[in-house]
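Following: one structure in structure tokens, then a few remarks.
Readers should treat all values here as calculations from the given coordinates under stated rules, not as data from a laboratory. What you see is a predicted model, and the numbers here were worked out from it, not measured in a lab. FYI the Cβ positions are ideal-geometry reconstructions off the backbone, even for glycines, and counts take in every protein chain you see.
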Amino acid sequence: MTDKRDLVKTLDFQLDVQSDNESLLYDATLEARSVYNESIRLAKQGVDWDVIPDRVADDANLVKNTTQRVVAKALGAVENYYEYDDFGQPSHTKDGAYPLRANYEEGYNLSLTDDGDVAFRISAKPYRHVKGVLEGSDAHLDVLRTALTSDEWKIGTAEALFHDNNAELHVTVTNTERVVRGKENSRTVIGVDVNEDNVALTALSEDGVENSLVIDFPEIKFERHRYFTIRKRVQNAGKDSIHDTLEAREERFVRDRLHKVSRHIVEWSHQFEKPCIVFEDLKEMRDSINYGARMNRRLHHLPFRALQFYTSYKASFEGIPTGWINPEYTSQRCPMCGHTERANRNKKRFKCRSCSHQDHSDHSASVNIAVKGIEKHQDWNVPALNSLPVVRKVRRQASGAVDAPAVTHSTARGYQADGQVGVSD
């Protein structure tokens, strides 16, 4: 069985702007900031949301379509606050430039030149346009060229913005005919255990465990704590004006790391026969977290769902299906004998109190997730697990993944040297 689904991808480009129109684009992003701030302010005052778009558009020096898209994003931020109540109400005093949001063929246009470049035209202000060509990775340019010439692709909303003083355009494209193999046709199940500082993977087939991997990303936890500390100091110093800037930097950093990790997961899964990636369904986890203010803040900021989402849609673009299982007891159950007890796990060490099996605790959880994935989504039996192979760990760094073999707790302690990371207690 196969499945056709709409898959959305965001493509990032730099703008090679003609003449000195870059200043026009920057002025437009400042106007977009004013639109965003005014929309948030009116929403906080209790103004009817149906009235806000026209009320803001009357005073905005932007194309009406662009104004409506910016207002919609601002009201979406308020809506998320009322739905989740996680991070406080969005600020209506945002500083700096703010992305111009526009619909394709209304606020911006793209076309292929005779030289094979992709030309753009952005309606920055009423009757005033910014023109030039897009620059970026060959992979993203190839996808966009295909989208411009194929009926299977649709080009959607884009954002024009400034990142590190460089003009960029982020374009969303949708493939309406992408075929994804059904979960039940898979021959290998990849169990994925997402944690605060790593993600553990185990590939399980009818023959047993094919391979295992633990990808470390401790910098996400470190950077989140660092930015939290900076924001507290800024707040105590009465400099709330840079709060949103710090929050945006943190968000970009985390999003970049999660995209790299999710790409690594999909690439690793490709080596196995007809893989299916299986996650724990953690959507109810937030409601059950209550370990005190400091721990709650840490756990609520964990990128569980974001990493699962990034991995899922990247896998879909590669034709790899994803599945979800109940997370109950995955971290406490022994994959060898089935004994379940909270005391089996102590930080990164798993030691079964029944059969004395020892392992990296996150690796053990990923095995259990794969087993549950087979039980839920496959028509073949779970293989007998008489032994588990040594788990390998890698750490994401700026230059890519640093790979190092690692041993399980039952045989030796790990090590850390020259950027290579093993398993440690």
Item to check | Packing-based ranking, highest mean first, of 202-214, 361-373 given that Cβ atoms within 10 Å are counted | outcome: 361-373, 202-214
Next on the checklist: Taking a ≥ b ≥ c as the square roots of the Cα gyration tensor eigenvalues, with a/c under 1.5 meaning rounded and otherwise prolate when a/b beats b/c, else oblate, which class fits region 101-170?
Outcome noted: prolate
Checklist outcome for this item: Between residue 51 and residue 72, the two model label points (7 Å from Cα along the beta-carbon direction) sit apart by a distance in nm of 2.3 nm
Checklist entry - Given 5 Å bins starting at zero, what is the percent of C-alpha pairs of region 2-179 in each, up to the one with the largest pair distance? => result 1, 8, 16, 18, 17, 15, 12, 8, 3, 1, 0
Checklist entry - So who's got an amide H within less than 5 Å of the one on residue 357, skipping anything under 5 residues away but keeping other chains? H placed 1.01 Å off N, in plane. => result 352
Next on the checklist: Quick one: 3J(HN,Hα) in Hz for region 73-78, Karplus 6.51/-1.76/1.60 with θ = phi - 60°, rounded, Gly and Pro as x.
Outcome noted: 5, 5, 5, x, 5, 5
Next on the checklist: For a Förster distance of 41 Å, can you work out the FRET efficiency between the beta-carbons of residue 30 and residue 326, rounded to the nearest 0.05?
Outcome noted: 0.25
Next on the checklist: Can you compute 3J(HN,Hα) from phi for each residue in region 143-159, using the Karplus curve 6.51 cos²θ - 1.76 cosθ + 1.60 with θ = phi - 60°, rounded to whole Hz and x for Gly and Pro?
Outcome noted: 4, 5, 4, 5, 5, 6, 10, 10, 6, 7, 10, 10, 9, x, 5, 10, 10
Checklist outcome for this item: Sorted by chain and then number, the residues having a modelled amide H within less than 5 Å of the amide H of residue 211, at least 5 places away or on another chain, are 203
Checklist outcome for this item: Ranked from fewest to most other Cβ atoms within 10 Å of their own Cβ, 186, 137 fall in the order 137, 186
Checklist entry - In nm, to one decimal, how far is the residue 80 label point from the residue 128 one, both placed 7 Å along Cα→Cβ? => result 3.1 nm
Item to check | Net lengthening on full extension, residue 187/residue 233 (0.36 nm per residue, minus Cα-Cα) | outcome: 11.3 nm
Checklist entry - Roughly what would the spin-label model give for residue 170 and residue 112, points 7 Å off Cα along C-beta, in nm? => result 2.7 nm
Checklist entry - Where in region 102-118 is the amide nitrogen less than 11 Å from a point lying 7 Å along the Cα-to-Cβ axis of residue 135? => result none
Checklist entry - In debye, nearest 20: dipole of region 2-179 around its Cα centre with unit charges on the Cβ of K, R (+) and D, E (-)? => result 400 debye
Next on the checklist: Using Cβ contacts closer than 10 Å as the measure, can you line up 340, 113 from fewest to most?
Outcome noted: 113, 340
